[in-house]
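Working notes, structure below.
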Amino acid sequence: MIHLISGARLPGSDSLVDAWIGDTGRITAVTPAGALDGRAGRDGRAGRDGRAVSAAETLRADGRVLTSGLWDEHVHLGQWAQQAGRPDFIDAASPAEALRLVETLLAPDATGRVPSELIGMRLRGGDWGGLTREQLDAVSGAAAVGTGGGTGAGTGGVPVVLVGLDLHGAWLNSAALARHGFAPDHGAHVVEDECFALVSELDRVTDAELDAAVATASRRAAALGVVGVVDFEIRWSADDWVRREAAGFSALRVESAVYPEQLDRAIARGLRTGSPIGESGLISIGPLKVITDGSLGTRTALCCEPYPDGDFGRQLVAPEELAELLARARRAGFSAAVHAIGDRANAQALDAFAATGIAGSIEHAQLLRSTDVARFAEVGVTASVQPAHLLDDVASMRAVWSDRAQRAFPLASLLASGAKVVFGSDAPVAPLDPWLAISAAVTRAASGLPAWVPEERLTVAQALACSMRGPLRPVAGGIADLVLLDRDPLAPAREGAPFRVPTVEATLIGGVPTHLSAAFS
């Protein structure tokens, strides 16, 4: 455990400070560098007698910038862990490009073998109408001929599953449809519940394999400065976290959500939001997650005005059912996290929060009526948003939401209204990288493109605050969930320069390092 971080700078300052950390994992003092003689004691009480802090308990910052650790407030950690190694189709801008990538990935290796199944991720199929069975069969059937790798051209050859960017839809060839139990006449496109079930099946591995993947993904997150996540894994994951905690998992703080079909099970076990899992103090039960509408990519986000085809999206939970569910959750001690993307879904979610008084968040809050922006603060609901989606969704929003797309991702307006706004990735929809979210919120522009609705851009300080549960400048009394950065993230703005993503040199949870760069080896 680290008890002293010496010679650090705080964001926006050139003065050096020492941060003292007590045995409880809290910051006990932040003092000018060198003001104490190293005998502050392990409890960090400045000026009192105590055992000197040893070199092994000291992290020499050497002018690096000390700030609070980052949280990803919306992640599907198991899915992200498994899918991070799968082929990424995000750059396929047309059916032809997607099909060429499938052909490339199915090309025989040096021994003439092809994959037994191709699972691609983050396909932008919703932007250009997706793919047909015939198209996918044409490029996958040929790959199987004579290779022993597939099921034969007559059934589409190698099974191919291309999961959409938002995880609410996927495109399958004939072989994949047959392998995964769909009817012979089913179309290539599966959406919503069918897609969720398919993704769960694709991710079915042994506990040991899953835990190993989660451990690797968590270490990578720690290397980006992440100290905690809210895990919205669809499967019942409380037992997974009991097992991982018992095995010594310590890379992240984790709040593990519960879904409506799991609520009875959680209540029967005496669980509620905040209930600890294990003895480490790092893992706990999170909110009740309720999905009330679909997604932009599948044109199923529930809207007040129709899509170009005349549809309004899908209402997955009726308003009265949502209110009853949230009221029950509140009585059982749960907070709520309600998935709402379309403006009608968001309005109904706000109504349910107001009617029940339950604490919690609206997850995504992507498209809002102007009159609903102020309601987040009025009702006391957190807007849990994923700014990186903004970069991916601009073309789709313009295509299907037309002028009302200007009301999407109103980040600055939400903050100005007094709402609490927090950032997440929704990984694997977007990478588990808080700096990507921060950059997106600050620039609202993909590389080389103009800012989209620039008046809704955030300052760097605002974006950092949305990514942290602790203060930008750590103070005495706070939990020592901290990061050391190679540069001050606020400096470019002061100099009128573009935001530059800093390098994370160290990450600590409760004073215990979870990541140290080579500079500290």
- For G360, residues with placed amide H under 5 Å, excluding near neighbours: A336, T382
- Message: Taking 20 °C and 1.002 mPa s as the conditions, I'd like the Stokes-Einstein D for the stretch 292-422 in µm²/s, using the Kirkwood hydrodynamic radius from alpha carbon pairs.
- Response: 147
- Message: If each residue of separation counts as 0.36 nm, what is the full-extension length gain between D207 and S402 once their alpha-carbon separation is subtracted?
- Response: 65.7 nm
- Task: Measure off 7 Å from each Cα along the Cα-to-Cβ vector at S13 and T111, then give the distance between these two points in nanometres to one decimal.
- Result: 6.0
- Note on the structure: If S68, S6, S200, S521 are placed from fewest to most neighbouring beta carbons inside 10 Å, the sequence is S521, S200, S6, S68
- Note on the structure: Scalar couplings 3J(HN,Hα) for the stretch 317-326 by Karplus 6.51 cos²θ - 1.76 cosθ + 1.60 (θ = phi - 60°), nearest whole Hz, x for Gly and Pro, are 9, 5, x, 5, 5, 5, 4, 5, 5, 5
- Just how large is the dipole of the chain about the Cα centre, in debye to the nearest 20, putting +1 at every Lys and Arg Cβ and -1 at every Asp and Glu Cβ? 1380
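Would you calculate a helix-derived [θ] at 222 nm for the chain, using -39,500 (n - 2.57) for each DSSP H run of n ≥ 4 and dividing by the full residue count, to the nearest 500? List each step's numbers first, then the result.
Details: 18 runs with 161 residues, N = 521.
Estimated from H runs of four or more residues: -8500 deg cm²/dmol.
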- Note on the structure: In whole angstrom, the spacing between the Cα centers of the stretch 475-498 and the stretch 93-142 equals 43
- Message: What whole-number distance in Å separates the alpha-carbon centres of the stretch 213-257 and the stretch 390-437?
- Response: 25
- Item | Virtual spin-label span in nm between K420 and A359, 7 Å along Cα→Cβ | 0.7
- With a Förster radius of 22 Å, plug the Cβ-Cβ distance of W236 and V512 into 1/(1 + (r/R0)^6) and report the FRET value to the nearest 0.05. 0.15
- R0 = 22 Å: FRET efficiency of E261 with R219, Cβ-based, nearest 0.05? 0.10
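Could you line up E201, E261 from fewest to most neighbouring Cβ atoms inside 10 Å?
The most exposed by this proxy come first: E261, E201.
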- Tilt of helix 133-144 relative to the longest C-alpha principal axis of the chain, in degrees (0 to 90, nearest 10)? 80
- When E233, E117, E455 are ranked with the fewest other C-beta atoms within 10 Å first, the list becomes E455, E117, E233
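Values in this text are rule-based calculations from the coordinates and carry no lab data. Predicted model only: the values in this text are computed from it and were never measured. Methodologically, a virtual Cβ is constructed for each residue, glycine included, from the backbone with ideal geometry; neighbour enumeration extends over all protein chains shown.
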